[in-house]
Amino acid sequence: MRGERIRERSMVPRAEPQSYYGQPVLKEPVWTPEIPFYFYTGGLGGSSAMLALVAELRGNSKLARRAWLVALGGVTASPALLISDLGKPSRFLNMLRMFKVTSPMSVGSWILSGSGAFTAIAVGSEFTGLYPALGRAAKVNAALLGLPLATYTAGLVSNTSVPVWHNARFTLPIVFAGSSAASSGAAAAALTPLRHAGPARRLAVGGAVTSVAAALTMEKTLGEIGEPYSRGVSGKLTRLAGGLSLAGAALMAARGGSSRGAAIAAGAVITAGVITERWAVFRAGFQSANDPKYTVGPQRARIERGETRGAARRAQAGA
Amino acid sequence: MPSHKLLELETHSWPGSYGDSAEPRMGFFTDTSICIGCKACEVACKEWNHVPDSLQGFSGKSYDNTTALGANDWRHVAFIEQRKPLGAEAAAEDLVQAAERASATDGWGLQTYQDGEGVRWLMASDVCKHCTSAACLDVCPTGALFRTEFGTVVVQEDICNGCGYCVPACPFGVIDKREDDGRVWKCTLCYDRLREDMEPACAQACPTNSIQFGELGELRERAEKRLEQMAAAGQTEARLYGADSEDGVDGFGAFFLLLDEPEVYGLPPDPVVTTRNVGQVWAGVFAGAAALGAGIAAAFIGGRK
């Protein structure tokens, strides 16, 4: 049974939190496998747009043009994945009925819409030469929206009651920033001739290392709430993601600059690593929601420490 | 309603956005000490609201085969079997006091336990809390979830696109997606009946008045009296759950009197609306975005191009 071997890191033995027949307090997310892939494509598209803009400003048009195409691919695949996840796909436009800052999904829908439109205009202008002024403005906008596009998904899952996500609201965006950088760097490094791909390689290596380090930091700062990252499916995915990302980064750093084949292989391994990392985060949320100890334990501990009275109140003494 | 009471019950959009058409905030007080576990509330709710069946077979969890609230279960009666001494008698100092309390508990209808073999039964009808600060409503990107003129929280089924964000947002695990339908469903506090001045189906069907429906301010006063009455009869383990505006969701629109810790009933002891930290969430997102931008810029330093 899960939950029997939990207190390895705890100094003082505590009673297992009480529950109703061991049933979860929370409902597990109903999101489909499209969502972790969207975390990847959104991060890839957003980060690639900024990579493309900076490459262009530095006069590296070989890298810029390839990164723009990757960005377009990312922001095109993203809405398709999101619409497919909906319970009522025919109502996807209802996402744009309002703009709510309390809902990162609402804000994110607008970011993705804007990002998609600007990237499409930017790529259209870049490859046809039409409307260069409009194209330049679109590029800047696509790149600027690309950054939050890559990280808002971390905020989206943090803004739930799932402890392993909610309590990672400061660390998870850094994990996603690293994964997104690695995604865009890996794709551009694989697609760009060696001589022009230096920045992409450095971004891939730096992003992969950052992602792994940030994920470790997140797990550590979460304490017992972070347990899903070392257990079950999420635990396996976390270890696999770390291994793939670091192996890919090592290959990219060692041989990516001298062999196109090595750059392509390293890009593929890093990509596999960061997609696995998104899956590890996704599955951790399910594990966290499904075990009542993660919900009840920290809440009861808050009450016992006197930080809050909680939602229940007995009659006052002497009443 | 006195204005200080109104202020205490106020939500983000009720009564403010309704102006003159705002109705008093309505809610439930579920007094679990007089629940007999008949499940009439579950049946009445399904009948009135055309909630699809949700047969799950025999759960083995006492008399509870519904097991949890969900898209197709908007009332759920929990059954807990405990080996604990009865509160009133255990707390008595001598036989005389025990006898006095026994007669008091009879008179006040506190005698709901099956106490043969020393087993006590807790039964409790759970329902959507209609939180003052409701996470489901806050995170809903389409506006399908809204605050009614009665201060309750309702899903508009013709708007919901099934994004599922509300499901893990709810700190109580109430709202869920209906598999074959793709949309989310939960208790509406019988919005259609309220608009016709009728009480919700579950409250009307409850034979013991364990489920009490009314204006939230009045229900809170009534619950306070009940809590004091029970404490006086030695039921010191009785507690109100969600009856204060100071908790993590700023008070429940549907609150409870419980006889044990909330988690024993499958309820969170200190629920907090996730959007209380939405500022920190956005700070994290923008810090991550800034870090990404800095990382991309740094990748161009030192290289040839």
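A:Val140 - would you say it is among the β-branched types (Val, Ile, Thr), touching a residue at least 60 places away in the same chain (Cβ under 8 Å) and crowded, with 24+ Cβ neighbours inside 10 Å?
On the way: among the β-branched types (Val, Ile, Thr): yes; touching a residue at least 60 places away in the same chain (Cβ under 8 Å): yes; crowded, with 24+ Cβ neighbours inside 10 Å: no.
So A:Val140 fails the test.
Within the stretch B:200-228, work out how many residues are surrounded by fewer than 18 Cβ atoms within 10 Å (Cβ to Cβ) and assigned to a loop (DSSP other than H, G, I, E, B).
Residues meeting the conditions: 3.
Condition first: under 20 Å from B:Arg75 (Cα atoms), in a helix (DSSP H, G or I) and touching a helix residue (DSSP H, G or I) at 6+ places or on another chain (Cβ under 6 Å). Now tell me which residues in the stretch B:259-298 satisfy that.
Correct list: B:Glu263 only.
Just give me the residues in the stretch B:246-262 being surrounded by fewer than 23 Cβ atoms within 10 Å (Cβ to Cβ) and without any contact (Cβ under 8 Å) to a residue 24 or more places away in the chain, in sequence order.
Within the stretch B:246-262, B:Glu246, B:Glu261 qualify.
Going by the conditions given, is A:Gly3 more than 7 Å from every other protein chain (Cβ to nearest Cβ), at pLDDT below 95 and touching a helix residue (DSSP H, G or I) at 6+ places or on another chain (Cβ under 9 Å)? Even if it seems obvious, please write down each step before you answer.
Details: more than 7 Å from every other protein chain (Cβ to nearest Cβ): yes; at pLDDT below 95: yes; touching a helix residue (DSSP H, G or I) at 6+ places or on another chain (Cβ under 9 Å): yes.
When the stated conditions are applied, A:Gly3 passes them.
Return the residues of the stretch A:285-317 that are outside any helix (DSSP H, G or I), out of contact with any strand residue (DSSP E or B) (no Cβ under 6 Å at 6 or more places or on another chain) and closer than 24 Å to B:Phe29 by Cβ; say none if nothing qualifies. Steps first, answer last, please.
We begin by selecting, within the stretch A:285-317, every residue outside any helix (DSSP H, G or I); these are A:291, A:305-317.
Okay, now just the ones that are also out of contact with any strand residue (DSSP E or B) (no Cβ under 6 Å at 6 or more places or on another chain), so A:291, A:305-310, A:315-317.
A:Thr308, A:Arg309, A:Gly310, A:Ala315, A:Gln316, A:Ala317, listed by residue number.
Consider the stretch B:167-182. How many of its residues are within 14 Å of A:Leu86 (Cβ to Cβ), within 7 Å of chain A (Cβ to nearest Cβ) and under 21 Å from the mean Cα position of the chain (by Cα)?
Number of matching residues: 2.
If I ask for residues that are not β-branched (Val, Ile, Thr) and not in a helix (DSSP H, G or I), which ones from the stretch B:229-240 would you list? Working first, answer last.
Taking the stretch B:229-240 first, the residues not β-branched (Val, Ile, Thr) are B:229-235, B:237-240.
Passing the criteria: B:Ala233, B:Gly234, B:Gln235, B:Glu237, B:Ala238, B:Arg239, B:Leu240.
Tell me yes or no: at least one residue of the stretch A:69-78 is at the interface with chain B (Cβ under 10 Å from one of its Cβ atoms), surrounded by 24 or more Cβ atoms within 10 Å (Cβ to Cβ) and among the β-branched types (Val, Ile, Thr). Before the answer, list the steps.
If we filter the stretch A:69-78 for residues that are at the interface with chain B (Cβ under 10 Å from one of its Cβ atoms), which is where we start, we get none.
No; the residues of the stretch A:69-78 include none that is at the interface with chain B (Cβ under 10 Å from one of its Cβ atoms), surrounded by 24 or more Cβ atoms within 10 Å (Cβ to Cβ) and among the β-branched types (Val, Ile, Thr).
To keep it simple, each residue is scored yes or no on (1) within 19 Å of A:Leu96 (Cα to Cα); (2) surrounded by 24 or more Cβ atoms within 10 Å (Cβ to Cβ); (3) within 7 Å of chain A (Cβ to nearest Cβ).
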site: B:Val153; (1), (2), (3): no, yes, no
site: B:Tyr165; (1), (2), (3): yes, yes, yes
site: B:Trp185; (1), (2), (3): no, no, no
site: B:Asp192; (1), (2), (3): no, no, no
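Which one of these does A:Pro89 not meet: (1) within 17 Å of the chain's Cα centre (by Cα); (2) surrounded by fewer than 21 Cβ atoms within 10 Å (Cβ to Cβ); (3) not aliphatic (A, V, I, L, M)?
(1)
Could you tell me which residue of the stretch B:254-297 is nearest to the chain's Cα centre (by Cα), considering only residues that are of a type in the set (Gly, Ala, Ser) and more than 7 Å from chain A (Cβ to nearest Cβ)?
At the first step, the residues of the stretch B:254-297 found to be of a type in the set (Gly, Ala, Ser) are B:254, B:266, B:279, B:283-284, B:287-291, B:293-295, B:297.
Then keep just the ones that are more than 7 Å from chain A (Cβ to nearest Cβ); that gives B:254, B:279, B:283, B:290, B:294.
Values: B:Ala254: 5, B:Gly279: 26, B:Ala283: 31, B:Ala290: 40, B:Ala294: 45 Å.
Looking at the filtered set, the residue picked out is B:Ala254.
Surrounded by 20 or more Cβ atoms within 10 Å (Cβ to Cβ) and either at pLDDT 95 or above or small (Gly, Ala, Ser) (or both): which single residue out of A:Pro33, A:Pro29, A:Pro17 fits that description? Show your work before the answer.
Details: A:Pro33 fails: surrounded by 20 or more Cβ atoms within 10 Å (Cβ to Cβ); A:Pro17 fails: either at pLDDT 95 or above or small (Gly, Ala, Ser) (or both).
Criteria check complete, one pass: A:Pro29.
Can you tell me which of (1) touching a strand residue (DSSP E or B) at 6+ places or on another chain (Cβ under 6 Å); (2) surrounded by 24 or more Cβ atoms within 10 Å (Cβ to Cβ) is the one B:Ala243 doesn't meet?
Exception for B:Ala243: condition (2).
Which of the residues that make up the stretch A:23-48 are small (Gly, Ala, Ser) and either facing chain B (nearest Cβ under 10 Å) or outside any helix (DSSP H, G or I) (or both)? Quick ask: steps written out before the conclusion?
Here is the first cut: in the stretch A:23-48, the ones small (Gly, Ala, Ser) are A:42-43, A:45-48.
Once the filter is applied, which keeps residues that are small (Gly, Ala, Ser) and either facing chain B (nearest Cβ under 10 Å) or outside any helix (DSSP H, G or I) (or both), the stretch A:23-48 yields A:Gly43, A:Gly46, A:Ser47, A:Ser48.
State which residue is nearest to A:Ala154 (Cα to Cα) when the search covers only the stretch A:203-258 and only residues that are part of a helix (DSSP H, G or I) and of a type in the set (D, E, K, R). Quick ask: steps written out before the conclusion?
Taking the stretch A:203-258 as the starting set, the residues that turn out to be part of a helix (DSSP H, G or I) are A:203-230, A:232-255.
Cutting the leftovers down to of a type in the set (D, E, K, R) gives us A:219-220, A:224, A:227, A:236, A:239, A:255.
Details: A:Glu219: 15, A:Lys220: 18, A:Glu224: 20, A:Glu227: 19, A:Lys236: 21, A:Arg239: 20, A:Arg255: 32 Å.
By that ranking, first place goes to A:Glu219.
Which condition from (1) surrounded by fewer than 23 Cβ atoms within 10 Å (Cβ to Cβ); (2) under 30 Å from A:Ala64 (Cβ atoms); (3) β-branched (Val, Ile, Thr) is the one that A:Thr221 breaks?
Going through the list (1) surrounded by fewer than 23 Cβ atoms within 10 Å (Cβ to Cβ); (2) under 30 Å from A:Ala64 (Cβ atoms); (3) β-branched (Val, Ile, Thr), A:Thr221 breaks only (2).
Of all residues in the stretch A:56-92, which are farther than 21 Å from A:Gly45 by Cα, not in a loop (DSSP other than H, G, I, E, B) and not hydroxyl-bearing (Ser, Thr, Tyr)?
A:Pro89, A:Arg91
Report the residue count in the stretch A:310-319 for those that are more than 7 Å from chain B (Cβ to nearest Cβ) and either on the phi > 0 side of the Ramachandran plot or modelled with pLDDT of 95 or more (or both).
Residues of the stretch A:310-319 that are more than 7 Å from chain B (Cβ to nearest Cβ), as a first pass: A:316-318.
Retained after the next criterion (residues that are either on the phi > 0 side of the Ramachandran plot or modelled with pLDDT of 95 or more (or both)): A:318.
Adding up the residues that qualify gives 1.
Could you tell me whether A:Lys100 is part of a loop (DSSP other than H, G, I, E, B), of a type in the set (Lys, Arg) and either closer than 26 Å to A:Phe282 by Cα or in contact with a His (Cβ under 8 Å, 6 or more places away or on another chain) (or both)? Even if it seems obvious, please write down each step before you answer.
Details: part of a loop (DSSP other than H, G, I, E, B): yes; of a type in the set (Lys, Arg): yes; either closer than 26 Å to A:Phe282 by Cα or in contact with a His (Cβ under 8 Å, 6 or more places away or on another chain) (or both): yes.
For A:Lys100, the condition - part of a loop (DSSP other than H, G, I, E, B), of a type in the set (Lys, Arg) and either closer than 26 Å to A:Phe282 by Cα or in contact with a His (Cβ under 8 Å, 6 or more places away or on another chain) (or both) - is met.
Can you tell which of B:Thr11, B:Thr30 is buried (at least 17 other Cβ atoms within 10 Å of the Cβ), within 14 Å of another protein chain (Cβ to nearest Cβ) and modelled with pLDDT of 95 or more?
B:Thr30
Confirm whether A:Ala213 is over 30 Å from A:Lys62 (Cβ atoms), at pLDDT below 95, surrounded by fewer than 20 Cβ atoms within 10 Å (Cβ to Cβ) and in contact with a helix residue (DSSP H, G or I) (Cβ under 8 Å, 6 or more places away or on another chain).
Judged against the criteria, A:Ala213 is not a match.
Can you tell me which residue among A:Ser161, A:Ser180 is assigned to a helix (DSSP H, G or I), facing another protein chain (nearest Cβ under 8 Å) and either touching a Leu at 6+ places or on another chain (Cβ under 7 Å) or under 20 Å from B:Pro168 (Cα atoms) (or both)? Spell out the reasoning first.
Values: A:Ser161 fails: assigned to a helix (DSSP H, G or I).
Answer to the check: A:Ser180.
Could you count how many residues in the stretch A:191-209 are more than 7 Å from chain B (Cβ to nearest Cβ) and buried (at least 24 other Cβ atoms within 10 Å of the Cβ)? Spell out how you get there, then give the answer.
Just the residues of the stretch A:191-209 that are more than 7 Å from chain B (Cβ to nearest Cβ), to begin with: A:191-195, A:197, A:200-201, A:204-205, A:208-209.
Right, trim to buried (at least 24 other Cβ atoms within 10 Å of the Cβ) and you get A:192, A:197, A:200-201, A:204-205, A:208.
Selection size over the stretch A:191-209: 7.
Within the bounds of the stretch B:156-172, is there any residue that is in contact (Cβ under 8 Å) with a residue 12 or more places away in the chain, β-branched (Val, Ile, Thr), assigned by TED's automatic domain parsing to the domain that holds B:Lys46 and over 26 Å from B:Lys39 (Cβ atoms)?
Yes: one or more hits.
The values are calculated or read from the model by the stated rules, or taken from the named source; none is laboratory data. None of these values were measured; they are calculated from a predicted model. Note that each Cβ is placed from the backbone with ideal geometry, even for glycine, and that neighbours are counted across all protein chains shown.
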